[in-house]
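*Asks:* To start, I am sharing the structure in question, which I have written as structure tokens.
The values are calculated or read from the model by the stated rules, or taken from the named source; none is laboratory data. On a predicted model such as this, the values are computed, not experimentally measured, just so you know. Every residue, glycine among them, receives a Cβ derived from its backbone with ideal geometry; neighbour counts consider all protein chains shown. Note: accessible area is taken over every heavy atom of the protein model, side chains too, but ligands, DNA and RNA are not part of it. Shrake-Rupley method; radii C 1.70, N 1.55, O 1.52, S 1.80 Å.
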Amino acid sequence: MDGVRRRRFPVGRVLAVAALLALAVATPALVRAQAARMVPAERATELADAMLIAAVARHGPLCEPREARPAIARLTDAVAPASPPRLRIVPLGKPVAIALPGATVLVDRTLAATDPDAAIAAARKALGTDAVADLMRGAGVLGSLRYLFTGRISDATLQRATEAAIAAAPPAPQTAHPAPYADKDRAALAKACG
């Protein structure tokens, strides 16, 4: 065996490459999760307001005329009586409800006007999601990193995240029988938001 060298398997290099690959795969999820954990309640409400502005700019104005405010308040109470969300009715282009950070829910204007019971069910379902985590997922790794280092998310990123949430929202469930939502409120919403 003079002059013949056995090559050893490069275990160290293989482990280093495997560790780098694992880090590359896990890092985006870790960055988004950490960014979501770092959003305080006040900032979540600010982000929701910015996303609401983006939705209004893209889809149309809020439905909040004076005569419909009592009906909207009762609709909000019906969604979560123990801790009512900030419910906003906006034309979203499809019959959905989406959760925004800060316990804010956007409900499609036509859905609220034509089937408030389905709007209540859709809003309840939307509240069951983690809106901040969804925002960071929509912001992507770079947007999440920017938030981690600066505490800011660009308006363009918020708009993309809002549109992604609307696109990904499941359609409102069909209501087989009306919930105990008052007929006068149903009529007020249909008149004001329809």
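*Asks:* Right, THR110: of a type in the set (Val, Ile, Thr), open to solvent by 70 Å² or more (accessible area, probe 1.4 Å), at pLDDT 85 or above and under 22 Å from the mean Cα position of the chain (by Cα) or not?
*Replies:* yes
*Asks:* Going residue by residue through the range 76-86, is there one that turns out to be among the β-branched types (Val, Ile, Thr), in a helix (DSSP H, G or I) and under 16 Å from ALA188 (Cα atoms)?
*Replies:* Yes, that holds for at least one residue.
*Asks:* State all residues of the range 28-46 that are of a type in the set (Val, Ile, Thr) and either surrounded by fewer than 19 Cβ atoms within 10 Å (Cβ to Cβ) or not in a helix (DSSP H, G or I) (or both); if no residue qualifies, say none.
*Replies:* Residues satisfying the conditions are VAL39, THR45.
*Asks:* If you don't mind, there's one more thing I want to ask. Filter the range 89-104 down to residues that are assigned to a loop (DSSP other than H, G, I, E, B) and of a type in the set (Gly, Ala, Ser) and give me whichever is least open to solvent (accessible area, probe 1.4 Å).
*Replies:* Restricting attention to the range 89-104, the residues satisfying the condition of being assigned to a loop (DSSP other than H, G, I, E, B) are 91-96, 101-103.
Those left that are additionally of a type in the set (Gly, Ala, Ser): 93, 102-103.
Values: GLY93: 79, GLY102: 28, ALA103: 58 Å².
So, considering only residues that are assigned to a loop (DSSP other than H, G, I, E, B) and of a type in the set (Gly, Ala, Ser), the one least open to solvent (accessible area, probe 1.4 Å) is GLY102.
*Asks:* Checking LEU148 against (1) modelled with pLDDT under 80; (2) open to solvent by 40 Å² or more (accessible area, probe 1.4 Å); (3) not charged (D, E, K, R), only one condition comes out false. Which one?
*Replies:* All conditions are met except number (1).
*Asks:* Taking GLN174 and the conditions (1) at pLDDT below 90; (2) buried (at least 16 other Cβ atoms within 10 Å of the Cβ); (3) among the polar types (S, T, N, Q), which numbered condition does it fall short on, given that it satisfies the others?
*Replies:* The number of the failed condition is (2).
*Asks:* Test of understanding: among VAL132, VAL141, which residue is farther than 12 Å from VAL96 by Cα, at pLDDT below 90 and out of contact with any Cys (no Cβ under 7 Å at 6 or more places or on another chain)?
*Replies:* Being farther than 12 Å from VAL96 by Cα, at pLDDT below 90 and out of contact with any Cys (no Cβ under 7 Å at 6 or more places or on another chain) holds for just one of VAL132, VAL141, which is VAL141.
*Asks:* State yes or no: is ALA48 hydrophobic (A, V, I, L, M, F, W, C) and modelled with pLDDT under 90?
*Replies:* For ALA48, the condition - hydrophobic (A, V, I, L, M, F, W, C) and modelled with pLDDT under 90 - is not met.
*Asks:* All but one of (1) crowded, with 21+ Cβ neighbours inside 10 Å; (2) of a type in the set (D, E, K, R); (3) at pLDDT 90 or above hold for ASP115; state the number of the condition that does not hold.
*Replies:* So ASP115 meets the others, but not (3).
*Asks:* What residue, among those in the range 76-88 that are surrounded by fewer than 20 Cβ atoms within 10 Å (Cβ to Cβ) and among the aliphatic types (A, V, I, L, M), is nearest to ARG58 (Cα to Cα)?
*Replies:* ALA80
*Asks:* Considering each residue of the range 153-167, count those that are exposed (fewer than 15 other Cβ atoms within 10 Å of the Cβ) and basic (Lys, Arg), and give that number.
*Replies:* 0
*Asks:* Among the residues of the range 113-156, how many are aliphatic (A, V, I, L, M), more than 17 Å from GLU46 (Cα to Cα) and without any contact (Cβ under 8 Å) to a residue 24 or more places away in the chain?
*Replies:* 1
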